[in-house]
1. Within segment 505-540, how many residues are surrounded by fewer than 20 Cβ atoms within 10 Å (Cβ to Cβ) and modelled with pLDDT of 95 or more?
2. Counting residues that are over 26 Å from residue 158 (Cα atoms) and touching a helix residue (DSSP H, G or I) at 6+ places or on another chain (Cβ under 9 Å), which strands (runs of 3 or more DSSP E) fully inside segment 457-536 reach at least 1?
3. Condition (residue is surrounded by 16 or more Cβ atoms within 10 Å (Cβ to Cβ), part of a strand (DSSP E or B) and at pLDDT below 95) applied to segment 436-445: is it met by at least one residue?
4. Have a look at 280, 290 and point out the one that is closer than 30 Å to residue 29 by Cβ, assigned by TED's automatic domain parsing to the domain that holds residue 169, assigned to a loop (DSSP other than H, G, I, E, B) and touching a strand residue (DSSP E or B) at 6+ places or on another chain (Cβ under 9 Å).
5. Among the helices (runs of 4 or more DSSP H) lying completely within segment 143-251, list those that include at least 3 residues that are at pLDDT 95 or above and under 30 Å from residue 285 (Cβ atoms).
6. Please verify whether residue 30 is within 30 Å of residue 359 (Cβ to Cβ) and surrounded by 12 or more Cβ atoms within 10 Å (Cβ to Cβ), treating the condition exactly as stated.
7. Would it be correct to say that residue 212 is surrounded by fewer than 21 Cβ atoms within 10 Å (Cβ to Cβ) and touching a strand residue (DSSP E or B) at 6+ places or on another chain (Cβ under 9 Å)?
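The values are calculated or read from the model by the stated rules, or taken from the named source; none is laboratory data. The structure displayed is predicted, hence computed values, not measured ones. Neighbour counts run over all protein chains shown; Cβ positions are idealised from the backbone, glycine included.
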């Protein structure tokens, strides 16, 4: 495609490139220094090398010992407790088979942890969730540190796993990398029906048995949860940023097409090593154009707010300085093209059936909103306006994305969007900076002005709700939830009671230094407030009754307190010791001490 690039897209990309030039040059120099035109393992000492192939099957051992073919690292987030990652049990054998057929070898280089926010939601373990991303990055680096590999494939899906894998992969930016998705589970109980049962339970109108039955109908099989939260936003990003094969993100697990795409991804990873003529290291693919393409995709689909943190950290791992103002400026020219729960009733299977990633990418390319010349593992992004299928011989083939959406209530073209601007806004004001996801919020609720009710935990808010204290207009301020305080857990359990109160006609909103992810839904929520309360942020000065004004259209987050009163007011304190022990939290004190702010990626690694 040759559509002229939108001027704002070009301006923001250039701004990021200029801002990043010193750190990006250092990063690329490091990649260049690590690149070799023969396998790095050939430089290992004999004892080191022998350890590296000792457990291989006979044919693979001979190929590694004597041959010059490529060796592929498998870095896997497999476990069989989590539905999204259970399908990966079969992948190593498929990958090794495909590698041998392509003249190479493959080894499971290492595993990374994969925790599920759905399991830990509202529980103590959620306070490890965000930090697990950086643990995954560190684990990826350990897996690749043996220097036995010419390329890598990464098996991961969910919230922190893909960002952690990508950060780790970029630390080995000289190696080509292909991300292999496992796909979403088939559709179960519709997400809006599940949400209704959750609200009825919050009101005491449904039993625990009713709630469990609904949840089990929604989450019922191997594969990713089907709502458009962080896991599926990750998959969209990996495709639009060029690390998936075209059209591979949302093919269901354990199907012939899924297996064929997996094996083709392996073949492609081996084809783009430094040993051949199509060398494509991941550190070159993830450049400023890829990052901007990712932010555009996030806005165009109303994706998870978690990515306003993760994309900053992922970009930094490639020496690229991404800022929240870049998200905001790109949102202003990016139309919202999808309605997937919680921004609509459909799930990702419906999105895929309506035209999916191929149609989405084609529409954004046609509107000049993506860098079509951005390098990918398959060629350029221009090659991604397609959808895959199996031909008569069972091989993967592609056809152009459909000319029209199969369901305009789910996916639309750029000429007729659901709304003219993206689903994310950055808020600023005397309380600091925050992010709000507006794509699921009714327009008449984009501005809320009401008295504050301050809480230091989700449990405090639930207790006040059960006591009938919240039947009025108010802004819930839930603070001391940031990364330095308690690891920045997601606060999904706030949504049922706040949703109930909103449905009763009250004007309610949330302001927090915690996270809400892709399920922030219909209640206006200013999240990721930074500086956080535990770092002395102004959110710590709010008192019950202070009037808070959340104005998404204007991009403002205000507290209506006289300047002299505000200046004299002391900062609140909170005893967080109970959140620093138990379920392993005591092991993460070094993370809480070292972590950066949300707008810098909430990472323990250096920022740019």
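1. 6
2. Numbers: elements: 474-478, 508-512, 525-530.
Fully inside segment 457-536 and qualifying: 474-478, 508-512.
3. So far as segment 436-445 goes, yes, one or more of its residues are surrounded by 16 or more Cβ atoms within 10 Å (Cβ to Cβ), part of a strand (DSSP E or B) and at pLDDT below 95.
4. Values: 290 fails: assigned to a loop (DSSP other than H, G, I, E, B).
Sole residue among the options that is closer than 30 Å to residue 29 by Cβ, assigned by TED's automatic domain parsing to the domain that holds residue 169, assigned to a loop (DSSP other than H, G, I, E, B) and touching a strand residue (DSSP E or B) at 6+ places or on another chain (Cβ under 9 Å): 280.
5. Here the list reads 161-171, 230-240.
6. no
7. In short, no.
Yes or no, residue by residue, for (1) at pLDDT below 95; (2) part of a helix (DSSP H, G or I); (3) assigned by TED's automatic domain parsing to the domain that holds residue 176; (4) buried (at least 22 other Cβ atoms within 10 Å of the Cβ):
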| position | (1), (2), (3), (4) |
| --- | --- |
| 49 | yes, yes, yes, no |
| 61 | yes, yes, yes, no |
| 69 | yes, no, yes, no |
| 89 | no, yes, yes, no |
| 96 | no, yes, yes, no |
| 114 | no, no, yes, yes |
| 133 | no, yes, yes, yes |
| 136 | no, yes, yes, yes |
| 139 | no, yes, yes, no |
